[in-house]
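Report on the structure given below.
Every read-out reported here was derived from the displayed coordinates using simple, explicitly stated rules and does not represent laboratory data. Keep in mind that this is a model prediction, so the values were computed, not measured.
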Amino acid sequence: MDETKIFLIVIGVAVVIVTVYFTFQSDQTEPVTKEQIAEIEKQIEETTGDFSPTVRGWLTSGPFQIDKSQYLLGENIFVRISNLAPNEKGQIAFLRPINETHYSVYNIIPFDGEVNSSFNNYFTPALSRALNICTIDDLIGSWRVVFQGTDYENLSFEIINEILQGSEKYYESFC
């Protein structure tokens, strides 16, 4: 088996572990503990051999966190929400750049501290006919994360013009 297939299998296993964790975690109303997060990160590192195409360094605004400041095309953007107050309700809006001054909503994650005070979520920016995103140029650049319904500071991250190995077929232009 060549290295690419092995790498894809390892990444697939890591995604399954993380997905199962997030599925069970989102059904719980108890806050995620630092120990639980450390255990999941340890399992991912063991499964992937500590492979990380970009550096993980959690960006934080109040109870909201994203896992990196820079992503390759094909990487998951992980979102961690911890200890929301019961009165905190709104949406996390992920805005992709259109040009130097304008953005378009790419993804929205609702939150309601009364229903669930802590949970995790993730998504992978991808080309989409429905969203009229047909080339990688529509995804690369500086993105914004806006916490609608709160006074928390916005976050920003960058998607760089480099594709995660094994994800190339998902980023072929169709326009």
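Here the extension length gained between Asn121 and Ser142 equals 5.5 nm, from 0.36 nm per residue of separation less the Cα-Cα distance. Per-residue extension of 0.36 nm, minus the Cα-Cα distance of Gln65 and Thr101, leaves a gain of 10.5 nm for this segment. Full extension of the chain between Glu153 and Gln165 yields a length gain of 1.0 nm, computed as 0.36 nm times the residue separation minus the alpha carbon distance.
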